[in-house]
Each structure stands twice: as C-alpha cells, then as structure tokens.
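A.B. asks: Input: one structure, supplied below.
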Amino acid sequence: MIDPTILLVIMLMASATYATRIAGYLFLRNRTLSPRLTQVLEAAPGCVLISVIAPDFISGRPADLIALAITVIAAARLPILPTVVIAVASAAILRQLLG
Amino acid sequence: MTDSALPTADNRAEFLRGMRVSFPVLLGFIPFGLLLGSQAAMKDFSPLDIALMTGLNFAGGSEFLVVQLWTWPPTIPLLIGLTILVNSRHVLMSATLAPTMRHLPRRKVLPALALMCDESWALGLDDARKRGGVLSFPFYLGLSTGLYLSWPTSAGIGALVGPILGDVTRYGFHMAFPAVFLVMIFGMWTGFRAARPWFVSLVVGALTYLAVPGPWYVPAGAISGLLAAYLWARPE
C-alpha cells in the first residue's frame, strides 16, 4: 500500500518536527532565550527555504531568469495563488519567446 | 472552569470561537495544500503518501522542501536534518506559548502542541495576551482543529487532481516551486536587516550548487545563513 522507505521518511519527519514543537515548552519555559539565539532561530526557516531555490537564481536560461525576477516581484506583493499563476504563465510565455 | 475535559457550554463556545477566528487563515491554507499535493504527485507520491506526510508532520515548509529535494532512493539524513532546521523556530514558539499554559497539565499540553503551527501559535498567543496572559485551551483547540484538518485534506486532493492539471501547465510549471518558496519567505519578512542572512544563504547555496554535485547546496547555504545570523545578531 505505502512504500516502507516513504513511510520511514514520514515517521522520521513527524518525530523530528514534533520534537521541535515540544522542546521549547519542556526545556525553555522558565528561561529567557538569549537575543542571539532568538535571532538565529527566527532566521532559520528563511535560510533553508532560500537555499533550496538558490539554483533557480543562476539558471543558464534567460527566459527562466526573467520569469524568476517577475516571480520575486509578484511574491513580495501578492498572495500565493496569483503569484503562482503569474510565475507559471510568465515562465511558459518567456520560454516560448526566448527558448 | 473553561479547562475542564468535560464539554461544558462555555468550552463549546470557546471552541467555536476558535474555529471562527481560524477560518480566514484556513482558506489561505487550501491553495498551499493543493500545490503541495500536485507537486508531490509529480514526484510520484501517492495521495495517501502525501496525506499521511502532511497529517503526521503538519509543517508545510518542511514538506515542500522534502518534496522538492526528493530523489529515489531518498537522502534520508539530509531530508531529516533540513526538516529539523526549517522547523527549529517551533522551539521558540512553544517556549513563548509556555507561560500562557501554566494552568494546564502536561498531559493536555503535549498532545495539543502537535497542532501548533505559525498561525495557531500567533492567533493563540494574541488571544491569550488579551485575556491577561492565559491561553483559553478550548479556543486553541478550535483554532487548531480546522487548520489541521484542512492541511492533509487539501494536500491529498492536490495529489489527486494535480496530475490532470500538470499537463496543462507543463511548460511553466517549474516556476511554481520557486513561487511557493518565495511567498513563504516574504511571509516571514520583517525588514532588510533581519533578512541579510537569507542573502548569504542564497549566494552560498548558489555557489555550492555550481561547485558540488548533489543536494549539498541546501545545507551549505542554510548553515552559512545561520552562521551569518549568529554573527550579525544584535545583543539587545
């Protein structure tokens, strides 16, 4: 039904994520976090997410780079659905035009 | 006693109030879930796989990340390490929520924290501050339940209908992923100064991608950014 490797990854993800959810409550509730640690933890998700899409910023295809620039502008201003529509449409059109 | 396990009228009212407050946020979850499901389907995850992942893990950033970096066989230590990194802010969130839950026993708090996401945390904390710093437990549960249920449901539906839509949008679909990631990143934007580590991650991630084959550009970029955040941190 479900692949054992996929199930293993899901169980490990779920356990790891649950551990992050209870850790602050269990271990840090009576302590004040240093501002430095707070700022590192606040920056963490953005650091990971931008790293995942870093290769898109050095694509060799001009069409994709222009589409990405349009997508950045859209993402800074619009909610998820219009952003994705603009991203997909501009990538498709620019690839048709520029190859 | 609004904290009683018994469903009193008061508890029910608080639960419903939580659901009402969460509703606009829930509507915002659905397109993310649909996209996650459709992108998971493109990586050959079944609707059941993705419903199980989103239902048990319930942290969107890490799920988009695992789907994006998915290979066969998967690089499990990398995926789990990045899951921990991207979700490490939960530590901060549950630590700041803890003082509002002093009146609650651990056996209630620990299961309830499984439902804590950015949105339920922010709305719950905001409500607790308005009530003298005490979290209304049934309100939090009402808040979390609708949000929680919408996530695996929309992701599962996305995986079912995604393959149909996938063909229509094939030509530009590769840009959907950066779009989702960028929307999540801008959602966390609090100013240029706080965002500087992200630029470090971007540059180091891109350079590592050019230099080293495989998915190692992600931990390289992420760790450089964290290091930058540590060094740039303001002491106050």
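The values are calculated or read from the model by the stated rules, or taken from the named source; none is laboratory data. Not measured: the values here are computed from a predicted model. Ideal geometry is used to build each Cβ from the backbone, glycine not excepted, and the neighbour counts take in all protein chains shown. These area figures cover heavy atoms from the full protein model, side chains too; ligands, DNA and RNA do not enter into them. Shrake-Rupley method; radii C 1.70, N 1.55, O 1.52, S 1.80 Å.
A.B. asks: Pick out which of B:Tyr171, B:Tyr148, B:Tyr209 has the largest mean-square fluctuation in a Gaussian network model of chain B, springs linking Cα atoms closer than 10 Å.
C.D. replies: Most flexible of the set in this elastic network: B:Tyr171.
A.B. asks: Tell me, what is a quarter of the convex hull surface for the C-alpha atoms of the range B:1-88, in nm² with one decimal?
C.D. replies: About 7.8 nm², averaged over all directions.
A.B. asks: On a full-extension model of 0.36 nm per residue, what is the gain between B:Lys130 and B:Leu207, subtracting their alpha-carbon distance, rounded to one decimal in nm?
C.D. replies: 23.0 nm
A.B. asks: Give the angle, between 0 and 90 degrees and rounded to the nearest 10, that separates the Cα long axis of helix A:62-77 from the longest principal axis of the Cα atoms of chain A.
C.D. replies: Here the helix axis deviates by roughly 50 degrees.
A.B. asks: Counting protein heavy atoms only and a 1.4 angstrom probe, how many square angstrom of accessible surface do chains A and B bury in total, to the nearest 100? Could you put the intermediate results ahead of the total?
C.D. replies: Values: alone 8220 and 13840 Å², together 15330 Å².
It comes to approximately 6700 Å² buried between A and B.
A.B. asks: Return the FRET efficiency for the residue pair A:Ile2, B:Arg234: r is the Cβ-Cβ distance, R0 is 41 Å, and the value is rounded to the nearest 0.05.
C.D. replies: 0.30
A.B. asks: For chain B, what does the relative contact order come out to in percent, with C-alpha contacts under 8 Å and a separation of six or more?
C.D. replies: Once divided by the residue count of chain B, the mean separation gives 32 percent.
A.B. asks: What FRET efficiency do you get for A:Leu65 and B:Ile76 if R0 is 35 Å and r is their Cβ-Cβ distance, rounded to the nearest 0.05?
C.D. replies: Working: r = 33 Å, r/R0 = 0.94.
FRET efficiency, A:Leu65 to B:Ile76: 0.60.
A.B. asks: While we're here: Calculated FRET efficiency, B:Asp10 and A:Arg29, Cβ-Cβ r, R0 25 Å, to nearest 0.05? Display every interim value, and only then the final one.
C.D. replies: On the way: r = 27 Å, r/R0 = 1.06.
Once rounded, the FRET efficiency stands at 0.40.
A.B. asks: Evaluate the Debye formula for chain A with equal point scatterers sitting on the alpha carbons, no solvent, and hand back log10 of I(q)/I(0) at q = 0.18, 0.20 Å⁻¹, in q order, two decimals.
C.D. replies: Relative scattering, expressed as log10 I(q)/I(0), comes to -0.96, -1.00.
A.B. asks: If you build a Gaussian network model of chain B, linking Cα atoms that sit under 10 Å apart, which residue out of B:Leu34, B:Leu56, B:Leu143 swings the most?
C.D. replies: Result for chain B, Cα springs under 10 Å: B:Leu56 fluctuates most.
A.B. asks: Report, to the nearest whole %, how much of the accessible area of chain B belongs to carbon and sulfur atoms, 1.4 Å probe, protein only.
C.D. replies: For chain B, the apolar C and S fraction of the accessible surface comes to 71 percent.
A.B. asks: How tilted is helix A:35-52 with respect to the longest principal axis of chain A? Cα atoms for both, answer in degrees (0 to 90, nearest 10).
C.D. replies: 40
A.B. asks: Please report how far the C-alpha centroid of the range A:24-76 lies from that of the range B:126-191, rounded to the nearest whole angstrom.
C.D. replies: Each part's Cα centre sits 16 Å from the other's.
A.B. asks: Right, something else. For the range B:75-151, what relative contact order do you get, as a whole percent, if you take Cα pairs closer than 8 Å and at least 6 residues apart?
C.D. replies: Worked out over the range B:75-151, it gives 30 percent.
A.B. asks: Please compute the modelled spin-label separation between B:Leu149 and A:Leu98, points set 7 Å along Cα→Cβ, answer in nm with one decimal.
C.D. replies: With each label placed 7 Å out from Cα toward Cβ, I get 4.6 nm.
A.B. asks: For a test of the definition: using alpha carbon positions, the gyration tensor, and the 1.5 limit on a/c, classify chain B as rounded, prolate or oblate.
C.D. replies: oblate
A.B. asks: Also, quick follow-up: Express the accessible area of the range A:50-90 per residue in Å², computed with a 1.4 Å probe while the remaining protein chains stay in the model.
C.D. replies: Accessible area per residue, the range A:50-90: 42 Å².
A.B. asks: Reported to two decimal places, what Rg/Rh ratio describes the protein assembly as shown when computed on Cα atoms with Rh from the Kirkwood expression?
C.D. replies: So for the protein assembly as shown, dividing Rg by the Kirkwood Rh gives 0.98.
A.B. asks: How much area per residue is accessible in the range B:148-220 when the probe is 1.4 Å and only protein heavy atoms are counted (Å²)?
C.D. replies: That works out to 49 Å² per residue.
A.B. asks: First compute the accessible area of chain A with a 1.4 Å probe, then give the percent of it belonging to carbon and sulfur atoms.
C.D. replies: Numbers: 3270 of 4720 Å².
Carbon and sulfur atoms account for 69 percent of the accessible area of chain A.
A.B. asks: On to the next question. In degrees from 0 to 90, rounded to the nearest 10, what is the angle of the helix A:4-27 Cα long axis to the longest principal axis of chain A?
C.D. replies: 60
A.B. asks: Please identify the DSSP H helices in chain B that span no less than 30 Å along the helix axis (Cα) and have a mean Kyte-Doolittle hydropathy of 0.5 or more.
C.D. replies: B:9-42, B:137-168
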